[in-house]
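The values are calculated or read from the model by the stated rules, or taken from the named source; none is laboratory data. Just so it is clear, the model here is predicted, and its values are computed rather than measured. Note that we place each Cβ from the backbone using ideal geometry, even for glycine, and neighbour counts take in every protein chain shown. The protein model used for the area step is the full one, side chains on, heavy atoms only, and it has no ligands, DNA or RNA in it. Shrake-Rupley method; radii C 1.70, N 1.55, O 1.52, S 1.80 Å.
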Amino acid sequence: MTTTLRDPDTFTSACPLDCPDACSLEVRVEEGRVVKVDGNRRNPLTDGYICSKVRHLPEHLYGPDRILHPARRVGPKGSGEFERISWDEALDLVAAKMREAKERHGGEAILPFFYGGSNGLLTQETTDARLFYRLGASRLARTVCAAPTGRAATGLYGKMAGVAFSDFPAAKLIVLWGANPSASGIHLVPIIQEAQRQGARLVVIDPRRINLAKKADLHLAPRPGTDLPLALAVIRWLFAEGKADLDFLGDHATGGDELKRRAEPWTFARASEVTGVLAADIERFAYLYAESSPAVVRCGWGLERNRNGGSAVAAVLALPAVGGKFGVRGGGYVLSNSGAFAFDRAGAAAEPEPRTRVINMNRLGEVLLERDDPPVTVLFSYNCNPLATMPNQEKVRRGLAREDLFTVAFDQVWTDTAMWADLVLPATHFLEHDEMSRGYGALVLQRSPAVATPAGEARSNVEVFAEIGRRLGLSRPGDPETADDLAAALLRRSERMRTELERDGIASPDCGPAPIQFGDSFPLTPDRKVHLVPEALDREAPYGLYAFQEDPGSERYPLALISPATSKTISSTFGQLLRRKTPLEIHPADAEGRGIASGDAVRVWNELGEVRVTVRLNPDLQAGVVLLPKGMWNRHTDSGNTGNALAPDTYTDLGQGACFNDARVEVEKL
Ligand code: SF4
């Protein structure tokens, strides 16, 4: 028997970044510094490898953009001129500004602004929530991503766990709809390839010919914002051709007849006219879907970011119910599995959520400039870079420029937002503090202890929010304040998960690692049925659920600007590591019609703003669509802003999500 000797400076960790895969990591540390990060096999999905984004983690941790100590603004707002101060001075300043805001305007004048950053379950919505709840601060609706998909999935299925990636090879048909695993969640790629080797067909639905589309049996490229009519046309055909599973609908669904009625107008011809997809291709897809079982739909988030996003996702998720695809391994759908875990978040916050006003993060610019009931006078931004990531970017910038606004940026690196802040605080990275994180694709929960020494004077969220609370006299005996206390509070409802985590560092949710939808996992609706036209969603959508809203394009702004994720960043995380400017991608026909050649400098504009970049011709885009990727920072264009300067701050039909892909623009050679 051979014994494997483990290096004492190699640790197991887990990736909490905003990615479905939740990789288990192997981290090599020398003298307190991380020198190498790779995958291991604790989470079987990781299979010993990780994406290149996280392999570059040491550059993020120790690069020139890392914030190493607290700093106070000394130059004009946005000038980037700061002076070093001590943590004591910084925390006193934050406490004083919060106290002043509360006394003058009430607690709602304080707005916490956060998303996910590299934070897991222990360092977000725990001690921070407690502080802001006790202050009576405004609450934040975190809707920039996944709000419409969440509303649709919960409305139809009440958080039913999805098909495990490991079960994809059992499928005869895989439909990738608005998801690009080559860029986000890479571990699905080899699984799909294996399924194809075993005979599965692959259909990719995406406005771009992404890598997997090149190897697919069918690629449908609907114009952005038209996934809804595409899905409804398939549903209509399934009913019309007698391919709908009426037995399943009778036993396990409500609203089947109403869905059929709402899909009725969407013939292949009409759907083709609106989506730009050939009617014959839609029919081929419908036929493939009807005839293949098991069939699994991997629904992503690309189709939600427009005015029809919620209804589109609902229609896509209705497909397996209408087509009778549930009840077998590898059959059904997967979207987000985050709802599969039962956490006691209220227990971790140790303070009831107050009924203070709710601010939608997608309208940050408007809120900073126009709300006066009361005005926001303290903006506390953490795990987030709103100046790069929120829609209507120039409005956000004007808001941050307000002289009477005190902005705190608590982050790991000097983000665009930090450059506009009044006070900057250095935050630890997940390898520098104790963390616990769950996957939203992989059905795993993992603990990851701190393995590296914090860079500079960086402190963890848990520590800093608890300390601000103490300075404001808001802490109480018994508040959970250590990682172990917080983990115990979060896991109070699941002794099994707590024991497994302690023993193995990894645990599955109660549905297990690979549930079968309508086999051993059922909708968490009150009657355990799928609700195909749920009343609440029908009331919420401005024209009713499944009602299509026309394209916002015009003669003046005819091009649809999309901003998909890339393999370089996770949202805007790691943006500082991209040294090159980002080009606008445009179809050769659109470029030619405007006298534009590859490498030309152009301006891209609409009524919200203008972005100056160079051009890259991309024949894999469909004509009429241009692309500036998600995750860019202001430094990545010649005009010092990003594609979000052109994105409207309108809402999706469900969940008040962001409509990034409703940006319509014109492009002109400079
Ligand atoms: S970002 Fe995703 S693929 Fe990359 S290491 Fe983290 S979980 Fe794995």
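Bridging of residue 260 to lysines at a Cα separation below 28 Å is possible for 159, 172, 243, 325, 529, once same-chain residues fewer than 8 apart are set aside. The packing ranking of peptides 81-93, 305-317, highest mean first, is 305-317, 81-93, where packing means the average number of other beta carbon atoms within 10 angstrom of each residue. Please determine, in degrees from 0 to 90 and to the nearest 10, the orientation of helix 87-105 with respect to the longest principal axis defined by the Cα atoms of the chain, where the helix direction is its Cα long axis. Approximately 70 degrees, to the nearest 10. The loop-placed GluC sites (Glu not before Pro) in the stretch 511-565, going by DSSP, that have at most 12 neighbouring Cβ atoms within 10 Å of their Cβ come out as 550, 555. Bridgeable aspartates and glutamates around residue 97 (alpha carbons under 17 Å apart, same-chain partners fewer than 8 residues away excluded): 88, 89, 108, 128, 403, 404, 422, 467. Angle of helix 461-471 to the longest C-alpha principal axis of the chain, folded into 0 to 90 degrees and rounded to 10: 50°. What percentage of all Cα-Cα pairs in the chain are separated by more than 40 Å? Beyond 40 Å sits 29 percent of the P(r) for the chain.
Highest-first packing order for the peptide set 520-526, 593-599 is 520-526, 593-599, based on the mean count of other beta carbon atoms within 10 Å.
With all protein chains in place and a 1.4 Å probe, the accessible surface of the stretch 290-381 carries 45 percent carbon and sulfur. Ranked by the mean number of other Cβ atoms within 10 Å of their residues, highest first, the peptides 27-33, 96-102 fall in the order 96-102, 27-33.
Take the chain with all the other protein chains still there, run a 1.4 Å probe, and you get 37 Å² of accessible area per residue.
3J(HN,Hα) couplings calculated from phi for the stretch 39-52 with the Karplus curve 6.51 cos²θ - 1.76 cosθ + 1.60 (θ = phi - 60°) are, in sequence order, x, 10, 10, 4, 8, x, 4, 5, 6, x, 9, 9, 6, 5 Hz; Gly and Pro show x. Secondary structure note: in the chain, about 50% of the DSSP beta bridges are antiparallel. Tell me the mean residue ellipticity at 222 nm calculated for the chain from its helices only (DSSP H runs of n ≥ 4, each -39500 (n - 2.57), averaged over every residue, nearest 500). Computed mean residue ellipticity for the chain: -8000 deg cm²/dmol.
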